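Right, one structure below, let's go through it.
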Amino acid sequence: MSLKLFRHTDYAQSMLSPGETRFALHPGWAVTVLAAWIGFACNPWFWHALAHGGLATAVMLGTAIAGGAAFVLSLFGWRRTFKTVATLLLLVASVLAAGVWTQDVSLAAVMDSPRAAFVLPSWASFFGWQVPTLLALLGFVPMLWAWNAHLRRLAGPSQLRVNLAGMTLAAMVAGSALFALSFMAA
């Protein structure tokens, strides 16, 4: 039986090695990337408004949804909860996007009845090619990225500051985008 020295343990590698802090992704950037993916790539109304020439409306709608996703991701931005919450948000966003795409729910219908936004794909559509493809591209690929991303470890108080700053910024961005959307609709 040999004696393991401190430098040969995993503790020495994680705490004293500058590589983890240098090459790991800051949690704020992970929140930004995933929120932008949810707000723009997983947003069928963004793509519909973009295709029909409403660039300003499309950008404001995507920004509002990205701000809401960033708020939730920042709220649960702790090291132990971030990847699980990101997976749930990506799953919900991809399923709702697949439902909206396959059932062709318009933004006007959602504005009249907000419950129309929570349209799930039918069971029969899961056996076609559209829904599995949308779920794989919009949900599974970014989930793989999120689970394989090495996030920087921050001390408790600095992680709390990052989370609070992210929530505040996300609320301001989402609120200003919704405010601009209300003026565009009028």
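Values quoted throughout were computed directly from the atomic coordinates according to the rules given, and no laboratory measurement underlies them. The model shown is predicted, which means the values in this text are computed figures rather than measured ones. Cβ coordinates were reconstructed from backbone atoms using ideal geometry, including for glycine residues, and neighbour counts include every protein chain displayed.
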Quiz item: Which value in deg cm²/dmol, rounded to the nearest 500, describes the helix-derived mean residue ellipticity at 222 nm for the chain, given -39,500 (n - 2.57) per DSSP H run of n ≥ 4 and division by the residue count?
Solution: -21000 deg cm²/dmol
Self-check item: Gap separating the Cα centres of the stretch 80-129 and the stretch 28-64, nearest whole Å
Solution: 15 Å
Exercise. With label points built 7 Å along Cα→Cβ from the Cα atoms of SER106 and PHE183, find their separation and express it in nm.
Key: 2.6 nm
Practice problem: Quick one: which residues, 5 or more positions from LEU151 or on another chain, have an amide H under 5 Å from its amide H? H modelled 1.01 Å from N in the peptide plane, none for Pro or chain starts. | Solution: LEU25
Exercise. Using a cut-off of under 16 Å, list every residue of the stretch 105-133 whose amide N is near the label point 7 Å from the Cα of HIS52 along the Cα-to-beta-carbon line.
Key: 105-113, 117
Exercise. Just check the stretch 23-185 against the gyration tensor rule for me: Cα atoms, a ≥ b ≥ c as the square roots of the eigenvalues, rounded for a/c under 1.5, and otherwise prolate or oblate depending on whether a/b exceeds b/c.
Key: oblate
Exercise. Only residues of the stretch 69-91 count here: report those whose backbone N is under 19 Å from the spot 7 Å along Cα→Cβ of LEU137, or say none.
Key: 90-91
